[in-house]
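One structure below.
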């Protein structure tokens with residue numbers, strides 16, 4: 001084999017490894033290109049979450065690959081005893097009998113790949129977008145996808161030269177660090193889509209200064225982080241409005257959930273609201289006390305009876321703008337105003353259940 005053919009064969013092998021890496025459904029944990037071994041039959045060595053292993057050999061040729069060669073290669077690969085399962089990956093034209101009669105020697109022979117490295121690169125550019133979409137990262141511009149693929153190929157080649165095992169976490173880290181550096185909006189979008197704020201009840205209370213008359217509000221909030229990175233919630237904002245008024249509420253304290261206690265006691269024992277982190281695959285619960293914002297253009301006095309619209313927003317540290325959590329309508333009745341003098345609180349549901357029931 002000449003030098004040009006050897007380079008092309010190694011490039012095909014690397015691109016095939018990359019394409020297999022980008023199958024999100026494959027729960028691989030590590031991969032090694034050109035692993036150190038007593039023989040040269042294994043080109044790619046895969047390790048999976050269930051503890052199983054797969055050894056692959058890649059053979060490429062611009063000439064037709066006969067069944068005789070395939071059977072011999074499969075036998076040699078199986079005799080290497082390198083893994084639990086074996087695959088012979090072919091690139092280029094093959095005899096029809098290869099597909100008709102496979103597998104050989106218990107070695108799987110998948111549908112052949114192209115020998116055209118440009119075609120393999122195009123496949124990888126398409127698959128990297130699907131891989132990232134499965135991780136809740138929004139679609140990337142084509143030039144960025146191309147540069148990501150070329151960087152991954154370069155890193156894989158570097159690892160292959162040393163026979164280095166590449167962990168799945170390392171592979172994902174390359175992608176995320178490259179995206180963060182060149183297109184941070186995609187990662188902030190990922191953070192937003194991986195975090196959810198659960199909110200179903202509004203607890204109303206009388207203000208500290210009775211003459212101000214505007215309700216104070218306690219929102220039991222649960223922030224769930226289903227992503228792989230720690231999220232930081234910096235701020236919440238509550239918008240309240242009706243036909244003739246507009247109000248804004250900001251968080252002031254984190255208070256206890258013990259609604260049976262006198263409200264003034266809960267308020268006195270509360271701690272100031274501040275940034276908080278939500279680690280991956282976890283949630284944080286907080287009962288947040290909101291007070292009206294005193295600013296020109298916004299009301300900060302007694303609420304009217306009747307329907308009020310409420311909308312909750314959250315601001316994450318990795319995100320430039322506020323994100324809407326929920327918008328709903330609540331009914332303020334005369335009974336709600338008892339909190340202005342009772343030193344107790346009342347609960348109002350902010351569930352959208354009635355809206356869904358109306359669709360049935």
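Apart from one condition, residue 292 fits all of (1) out of contact with any helix residue (DSSP H, G or I) (no Cβ under 9 Å at 6 or more places or on another chain); (2) more than 29 Å from residue 229 (Cβ to Cβ); the exception is (1).
Taking the numbered list (1) surrounded by fewer than 16 Cβ atoms within 10 Å (Cβ to Cβ); (2) at pLDDT 85 or above in turn, residue 139 passes all entries but (2). Could you grab me the full set of residues in the stretch 99-119 that are in contact with a strand residue (DSSP E or B) (Cβ under 7 Å, 6 or more places away or on another chain) and buried (at least 19 other Cβ atoms within 10 Å of the Cβ)? Scanning the stretch 99-119 gives 107, 109, 113.
None of 150, 86 is assigned to a strand (DSSP E or B) and within 19 Å of residue 20 (Cβ to Cβ) except 86. For the stretch 53-73, the criterion of a residue being within 30 Å of residue 174 (Cα to Cα), free of Cβ contacts under 8 Å to residues at least 24 places away in the same chain and in the same structural domain as residue 160 (by TED's automatic domain parsing) is satisfied by no position. Taken over the stretch 66-81, the residue count meeting the criterion of being at pLDDT below 90 and buried (at least 20 other Cβ atoms within 10 Å of the Cβ) is 0.
The values are calculated or read from the model by the stated rules, or taken from the named source; none is laboratory data. Computed from a prediction, not measured in an experiment: that's the story for all the values here. Note: ideal-geometry Cβ built from the backbone for every residue, glycine included; neighbour counts use all protein chains shown.
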